[in-house]
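The values are calculated or read from the model by the stated rules, or taken from the named source; none is laboratory data. Keep in mind that this is a model prediction, so the values were computed, not measured. Cβ atoms come from the backbone with ideal geometry, glycine included; neighbour counts cover every protein chain shown. Heavy atoms of the whole protein, side chains included, go into the accessibility calculation; ligands, DNA and RNA do not. Shrake-Rupley method; radii C 1.70, N 1.55, O 1.52, S 1.80 Å.
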Amino acid sequence: MISLLLMGQIGQLFLMILMGYILVKSGLLKSQDSKTISVIVLYLVIPCTIINSFQVDYTTETRNGLILAVVAAIFIHIIFFALTKILGTIFKFNSIEKASIIYSNAGNLIIPIVAGILGDEWVLYCCGFMSVQLVFLWTHCKMMISEEKGADLRKIIVNVNTIAILIGFVLFITGIKLPGIAKDTVAAVSKLIAPLSMIVSGMLMAGVRLRTIFTNKRIYLVALMRMIIYPAVVLVFFKLTNATSFVDNGYTILLISFLATMTPSASTVTQMAQVYDNDADYANAINVFTVLICIATMPLMVMAYEMLLKC
């Protein structure tokens, strides 16, 4: 079962998080030192991972699968916006809580999980979700946290992940393959995404007082929405629309989209909260808590996916 494989993969990632945590707690590094590694991940490792994922043959099957991933991501975000509009009124969610519920850490976490469980060739479909989320992050999410009107189109266009997706897509549709040494180098660097991303998470976690997180009742509510309720609604949507039958390998492609919906809250929310002075500590606390509980919630949600959509 994929849920069992996922549990093992998340277990590995948590050990990597523990390594980063120990590095800081032992005094070898400071929590702030994680910024250097984050820059390497953001500007080098993730772009290489994205470009490497597009180094597959252009076929009708892969094209249709990528279209399904993009369309699914659009509908997922529409569902999340509608749910937040309704539940936000009931539970009085503030802007940080809304952003943390809607936006998931679909890049740093989902790519290594998909590569580890399904194989590198399936990472291509992660880019479908990531490309859609990037647009909403720098429009809807940015306006919500900054409380300013107007989308930051420049942030979308010059975002390194957007550029990598565009380069990868051009290579994909033209059938151009990177030369041997360049392809091998890009592939080797892309394999660093899991260990470096998780070590950064551990280093950041070491700088947070966990006691203050676990005593905040609102965080439990936000985590319930982000990790359980919202993914469950998406699961029901997939079932009612029979979306897995739309293309070949639709079951696996939508599993990847579903995985992206149940990951911890996006670290970008914390970064934006820092930039716009909007309770960054609370945003980081939500992120840390959702990372801690995902080892239990993600396998359970995947098990629900397997049980409901294989019927």
Hey, can you grab everything whose amide H is under 5 Å from the amide H of Gly207? Only 5+ residues off in sequence or another chain; H modelled, so Pro and N-termini drop out.
none
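Kirkwood hydrodynamic radius, the chain, all distinct C-alpha pairs: what's the number in Å?
On the way: mean 1/r = 0.0508 Å⁻¹.
One over the average 1/r among Cα pairs gives 19.7 Å for the chain.
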Counting Lys and Arg as +1 and Asp and Glu as -1, each charge on the Cβ, what is the dipole of the chain about the Cα centre in debye, to the nearest 20?
600 debye
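Keeping every protein chain in place, order Thr89, Thr290, Thr252 by accessible area at 1.4 Å, biggest value first, i.e. largest first. Don't skip to the answer; put the middle values down first.
Numbers: Thr89 90, Thr290 0, Thr252 30 Å².
The ranking, largest first, comes out as Thr89, Thr252, Thr290.
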Taking Cα centroids, how far is segment 88-137 from segment 153-229 in Å?
9 Å
Classify segment 154-311 from the C-alpha gyration tensor, please: rounded if a/c falls under 1.5, else prolate or oblate depending on whether a/b exceeds b/c.
oblate
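Please tell me the relative contact order of segment 127-212 in percent, rounded to the nearest whole number, where contacts are Cα pairs under 8 Å and at least six residues apart. Don't skip to the end; give the middle numbers.
On the way: 25 pairs, mean separation 15.0, N = 86.
Here the relative contact order equals 17 percent.
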Hey, can you grab everything whose amide H is under 5 Å from the amide H of Ser104? Only 5+ residues off in sequence or another chain; H modelled, so Pro and N-termini drop out.
Ala266
If you count only protein heavy atoms and use a 1.4 Å probe, how large is the accessible surface of Glu61, to the nearest 10 Å²?
90 Å²
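Checking the table Lys35/Lys191; Lys25/Lys155; Lys85/Lys155; Lys25/Lys142; Lys85/Lys149; Lys217/Lys310 against a 29 Å threshold on Cα-Cα, which pairs fail? Write out the running numbers ahead of the final one.
Details: Lys35/Lys191 20 Å; Lys25/Lys155 35 Å; Lys85/Lys155 25 Å; Lys25/Lys142 33 Å; Lys85/Lys149 18 Å; Lys217/Lys310 36 Å.
Beyond 29 Å: Lys25/Lys155; Lys25/Lys142; Lys217/Lys310.
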Burial-style ranking of 206-217, 124-135, average other-beta-carbon count within 10 Å with highest first, yields 124-135, 206-217
